[in-house]
């Protein structure tokens, strides 16, 4: 409600107040005096007065409300809206199952030919008409063939186990090892052992020893398909055995051609 409206109400209420005042009346001469009635005894005046009081109270309440509305609202400091940080939950990374590590087979040592002195001694022995030679520096020993104990699951060229002075020797049927497909049973007389190993080559006849110079041997420079062959003794036309390579073949269960038979 504005000031003009309040002024209009004041004028209206002022007029009401003026009308509520008693008007003067002409005096009437009477022989008998009339009883005096108090102004508040008039019912209409009482009702008008109560209405006026109610309106005045209403106007006062309206003014108070208008004044309260006109007061500026209390300014609150600007507050940034609270933002609840969102924690990004990442799914756990899948655990990779490690693949089994396949250990590669150890590579075979590079082939190199035997080292000998400029002149060296060699043993010659015969197997089914073939002559082999082995340097004495690579010879383990020579034994008479005795009783053999067969073992199950061994190659056809494996004759058996021979016990010699509390030492067990693995005896090779040299003819079957050197000639794949050979099936004849040979009557061997001796066993020639190789280096410090337990392997021994069965043979028919020992042909003695001889001194050789390196010039008497045609040495191999590459292993080829027969790494067991160190070279050829020229005068005797026989094979000089590469003892270390031969032992490696026997350990792998391979014959002269590198086959497991």
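Observations on the structure shown:
- Residue 193 meets the conditions (1) modelled with pLDDT of 95 or more; (2) assigned to a loop (DSSP other than H, G, I, E, B) in every case but one. The failed one is (2).
- There is no residue in segment 219-231 that is without any contact (Cβ under 8 Å) to a residue 40 or more places away in the chain, part of a strand (DSSP E or B), touching a strand residue (DSSP E or B) at 6+ places or on another chain (Cβ under 7 Å) and over 25 Å from residue 156 (Cα atoms).
- Residue match in segment 172-181 (condition: touching a strand residue (DSSP E or B) at 6+ places or on another chain (Cβ under 6 Å) and more than 20 Å from residue 255 (Cβ to Cβ)): no
- Residue match in segment 240-257 (condition: under 16 Å from residue 129 (Cα atoms) and surrounded by 14 or more Cβ atoms within 10 Å (Cβ to Cβ)): yes
- Filter result (farther than 30 Å from residue 216 by Cα and in contact with a helix residue (DSSP H, G or I) (Cβ under 9 Å, 6 or more places away or on another chain)) within segment 119-164: 155, 156, 157, 158, 159
- Counted residues, segment 196-225 - those being under 51 Å from the mean Cα position of the chain (by Cα) and surrounded by 15 or more Cβ atoms within 10 Å (Cβ to Cβ): 6
- Residues in segment 196-218 that are in contact (Cβ under 8 Å) with a residue 40 or more places away in the chain and part of a loop (DSSP other than H, G, I, E, B) were compared, and the one that is nearest to residue 129 (Cα to Cα) is 204.
- Among the residues making up segment 142-175, a single one is at pLDDT 95 or above and at positive phi: 160.
- Extreme residue, modelled with the highest pLDDT, among residues of segment 232-243 that are assigned to a loop (DSSP other than H, G, I, E, B) and under 19 Å from residue 256 (Cβ atoms): 242
- Residue-level check: of (1) without any contact (Cβ under 8 Å) to a residue 40 or more places away in the chain; (2) loosely packed, with under 15 Cβ neighbours inside 10 Å; (3) under 51 Å from the mean Cα position of the chain (by Cα), residue 180 misses just (1).
- Among the conditions (1) in contact (Cβ under 8 Å) with a residue 40 or more places away in the chain; (2) loosely packed, with under 13 Cβ neighbours inside 10 Å, residue 188 misses just one, which is (2).
The values are calculated or read from the model by the stated rules, or taken from the named source; none is laboratory data. Computed from a predicted model, the values in this text were never measured in an experiment. Neighbour counts run over all protein chains shown; Cβ positions are idealised from the backbone, glycine included.
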